[in-house]
Amino acid sequence: MHVLDVAAMTPGVIAPPTTRGYGPVIAHTPGTKEPLVPAYGFAHLRSRRNHSDVIEYLERIQATLDPFAGRFVIHGPPAEVVEGTWPGSMVLIEFPGLAEARAWYDSSAYRAILRLRTDHVEGDLVLIDGVGPHYDPVERARTLRTEAGRAGRSTT
């Protein structure tokens with residue numbers, strides 16, 4: 001289980017249910033001050049209907065997220081598409097880590113309401129690790145270049 005360090009409050013990081021509205025909390029790897037890498041549940045909703053089941057789903061979903069410190073980051077506003085096309089809308093839910101995201105999705109509370117959405121909304125849902133506060137895309141590029149070199153592939 002992850003330890004929540006209430007003393008280390010930083011804007012933009014998850015707030016568990018006990019502090020919702022009073023400021024965010026950083027989750028740390030147990031026994032360290034190293035921040036955990038957040039994880040996300042990302043949904044691309046291609047078609048939506050305002051069916052009464054969907055409304056009930058919306059009324060009940062936050063209670064399923066609270067035990068796993070899940071919070072909505074994006075919830076369905078129209079996107080400003082600047083490259084390509086994007087049919088539909090998106091939802092992004094943040095969790096302290098991938099274990100919490102999986103536990104939420106597999107929880108009996110969420111499973112009890114899942115069909116309220118899936119019977120009426122066409123879309124995809126993925127669970128994915130985010131990047132930590134020290135993520136460096138230059139280092140990522142270096143790693144990819146090294147891997148491509150080992151495999152004898154061109155990076156161009």
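The values are calculated or read from the model by the stated rules, or taken from the named source; none is laboratory data. Worth saying up front: this structure is predicted, and the values here are computed from it rather than measured. Using ideal geometry, Cβ is built from the backbone for each residue, glycine included, and neighbour counts are taken over all protein chains shown. Side chains are part of the model used for accessible areas, which takes the heavy atoms of the whole protein and leaves out ligands, DNA and RNA. Shrake-Rupley method; radii C 1.70, N 1.55, O 1.52, S 1.80 Å.
Before moving on, here are some points about what is shown:
- Condition met for Asp66 (in contact with a Pro (Cβ under 6 Å, 6 or more places away or on another chain) and either touching a residue at least 12 places away in the same chain (Cβ under 8 Å) or aliphatic (A, V, I, L, M) (or both)): yes
- Looking only at the range 114-150, and only at residues there that are among the β-branched types (Val, Ile, Thr) and free of Cβ contacts under 8 Å to residues at least 24 places away in the same chain, the one that is surrounded by the most Cβ atoms within 10 Å (Cβ to Cβ): Thr118
- Just one of (1) exposed (fewer than 11 other Cβ atoms within 10 Å of the Cβ); (2) under 18 Å from Ala63 (Cβ atoms); (3) not polar (S, T, N, Q) fails for Arg111. It is (1).
- Scan of the range 66-95 for residues that are assigned to a helix (DSSP H, G or I) and either touching a helix residue (DSSP H, G or I) at 6+ places or on another chain (Cβ under 6 Å) or open to solvent by 50 Å² or more (accessible area, probe 1.4 Å) (or both), ordered by number: Pro67, Phe68
- Among (1) under 16 Å from Leu125 (Cα atoms); (2) among the hydroxyl-bearing types (Ser, Thr, Tyr); (3) outside any strand (DSSP E or B) - the single one Tyr40 does not satisfy: (3)
- Close Cβ contacts (under 9 Å, 6 or more residues apart or on different chains) running from residues in the range 40-53 that are in contact (Cβ under 8 Å) with a residue 40 or more places away in the chain to residues that are of a type in the set (Ser, Thr, Tyr) comprise Gly41/Tyr105; Ala43/Ser89; His44/Ser89; Leu45/Ser89; Arg46/Ser89; Arg48/Ser89.
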